[in-house]
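The values are calculated or read from the model by the stated rules, or taken from the named source; none is laboratory data. If you're wondering where the values come from, they're calculated on a predicted model, not measured in any experiment. Heads up, the Cβs are rebuilt from the backbone with ideal geometry, glycines too, and the neighbour counts pull from every protein chain shown. Surface accessibility is based on the protein's heavy atoms, side chains included, excluding ligands, DNA and RNA. Shrake-Rupley method; radii C 1.70, N 1.55, O 1.52, S 1.80 Å.
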Amino acid sequence: VATIFTYAPNEEENEMGYYTNFTVTVYSKDENGAKVGTDYELQMILARRFCEISNWFDPDYWKRFESSPDPFEDLIDSDCYKWYDHETEMTALSKTFPNLYFELHGHGETEGDLWMEYFHNGKSFHADAHITYDKPDWEDE
């Protein structure tokens, strides 16, 4: 679901802060291993619990998303944030909900800073994007 190269902010960016766009997908798996989306009730539970454990939001911020069909995903999906504790907080959330799988996609403010992090049952995995371009398959004309 993502591709990327490793990016490390320089000293000036660390001092000023670094913005990243985040999107999240959460699902469970059926008996055949196929992805199964989450319903509204579970999305609300996730949004509320996330706001309780996160340093990112006020504990009641989740209430702003009660009218959304996917409250948790909409809470995380952002234009741009400085969310430095995303790995710690998403790992904690995944441990609280061990039957769920979380995919967090990040797109940093620097061109090419794309990555995906996967969370399940208190474990995380980071994957940088590897961007490739197809070359034309030109036959002699």
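A few notes on this one:
- Between Glu66 and Ala34, the C-beta separation translates, for a Förster distance of 41 Å, into a calculated FRET efficiency of about 0.90.
- Here Phe125 and Asp77 are evaluated by their C-beta separation; at R0 = 25 Å the FRET efficiency comes out at 0.75.
- Taking all protein chains as shown and a probe of 1.4 angstrom, Thr96 keeps an accessible surface of around 60 Å².
- What you get for the range 45-132, charging only the Cβ of Lys and Arg (+1) and of Asp and Glu (-1), is a dipole of about 460 debye around the Cα centre.
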